[in-house]
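Okay, here's the structure, questions in a sec.
The values are calculated or read from the model by the stated rules, or taken from the named source; none is laboratory data. Just so it is clear, the structure is predicted and the values come from calculations on it, not from any experiment. For neighbour counting, all protein chains shown are included, and Cβ atoms are generated from backbone atoms with ideal geometry for every residue, glycine included.
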Amino acid sequence: MTLDLIGQLFTIIAPVLLCVGIGYTWARLGRPFDPGFATALVSGIGAPCLIFSALTRAQISTDALGTLAAAGLCCYVGMAVLGLIILRLANLPAHSYLPALMFPNGGNVGLPLCLLAFGNQGLALGIAWFAIGAMGQFTVGISIAAGSFSPRSFARQPLVYTLIIALAFILTGTKPPEFVAKTTEILGGMLIPLMLLSLGASLATLTVTRPGRAFALSLVRLLGGFGVGLVVTWAFGMTGAARGVLLIQSSMPVAIFNYLFALRYEREPADVAGMIIITTLLSFISLPALLLYVLP
């Protein structure tokens, strides 16, 4: 490994770790941090604005974005199938653990890595994955945890309307008004740092109660996600940044939202919290190897 490559890896990983570390330290010092407010701000304003801004400014063809979105959807379906098989063999309830296996942290950790590794192209492709996953998590994921599906939950998601409006601009080849573009760029800019700080603050409050089970399921999430990503990139013939982004996103740790849903519906929240802690730590340890594999 050359010094240039080591420097490149450090440049990608260090900002993510530092931001998470600041959030963790902030919470450990007892400083005020409202996770509910941060979550509402991210899902209601930050994420829609970043998605709109990145997609309407992206110098990427609609075919490339569509392919990444379709491939991402296949990864989610693949992890759902794998997760159901593993949970059935382990005699564990799907409503408690399947969302955590299906939906990785493609926002808090995935988007910064895609941006730092592949620039604005990587961010736009990463957002295509993130948008599909966010809509799935707030519809399918919450429905699995709740044990029932409500169409109203889908209709209430700002991301749905953001994607429709962004696609209208993209498909017609027009640009949004400059004041709209600037406003969404400014508001969207808060998403990545706020999500990283929120991740760090959340890790400071979570605990592992059944480490054996949490560790085993964590390996399913990380190794299974990477394996499914490899199969999907091969099936779609993906190369370059698109392949790298999909492998990064599909290999991410368990998303924080899975814990919130588990807590809300009393679906083994302690175990899900353990999976978040373990997958996040293992992911940070394995990041150099993952980036070495996906970088051109």
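Quick one: in region 101-119, of everything that is crowded, with 24+ Cβ neighbours inside 10 Å and among the hydrophobic types (A, V, I, L, M, F, W, C), which residue is modelled with the lowest pLDDT?
Restricting to residues being crowded, with 24+ Cβ neighbours inside 10 Å and among the hydrophobic types (A, V, I, L, M, F, W, C), the top hit is Val109.
Taking helices (runs of 4 or more DSSP H) that fall entirely within region 191-252, which contain at least 1 residues that are under 20 Å from the mean Cα position of the chain (by Cα) and over 30 Å from Pro48 (Cβ atoms)?
It comes to 211-236.
Residue under question is Thr174, and the condition is that it be over 30 Å from Gly7 (Cα atoms), assigned to a helix (DSSP H, G or I) and free of Cβ contacts under 8 Å to residues at least 60 places away in the same chain; does it hold?
When the stated conditions are applied, Thr174 does not pass them.
Related question: Among the residues of region 180-192, is there at least one that is surrounded by 22 or more Cβ atoms within 10 Å (Cβ to Cβ), under 21 Å from Leu98 (Cα atoms) and either touching a Cys at 6+ places or on another chain (Cβ under 9 Å) or modelled with pLDDT of 90 or more (or both)?
no
So, one more: Determine whether Gly30 is modelled with pLDDT of 85 or more, surrounded by fewer than 18 Cβ atoms within 10 Å (Cβ to Cβ) and of a type outside the set (A, V, I, L, M).
yes
For the list (1) part of a helix (DSSP H, G or I); (2) surrounded by fewer than 19 Cβ atoms within 10 Å (Cβ to Cβ), I need the number of the one condition that Gln59 fails.
(1)
For region 235-249, which residues satisfy the criterion of being crowded, with 20+ Cβ neighbours inside 10 Å and β-branched (Val, Ile, Thr)?
Those that are crowded, with 20+ Cβ neighbours inside 10 Å and β-branched (Val, Ile, Thr): Val245, Ile248.
Among the candidates Val140, Val160, single out the residue that is out of contact with any helix residue (DSSP H, G or I) (no Cβ under 7 Å at 6 or more places or on another chain), closer than 30 Å to Val16 by Cβ and of a type in the set (A, V, I, L, M).
Just one listed residue meets the conditions, Val140.
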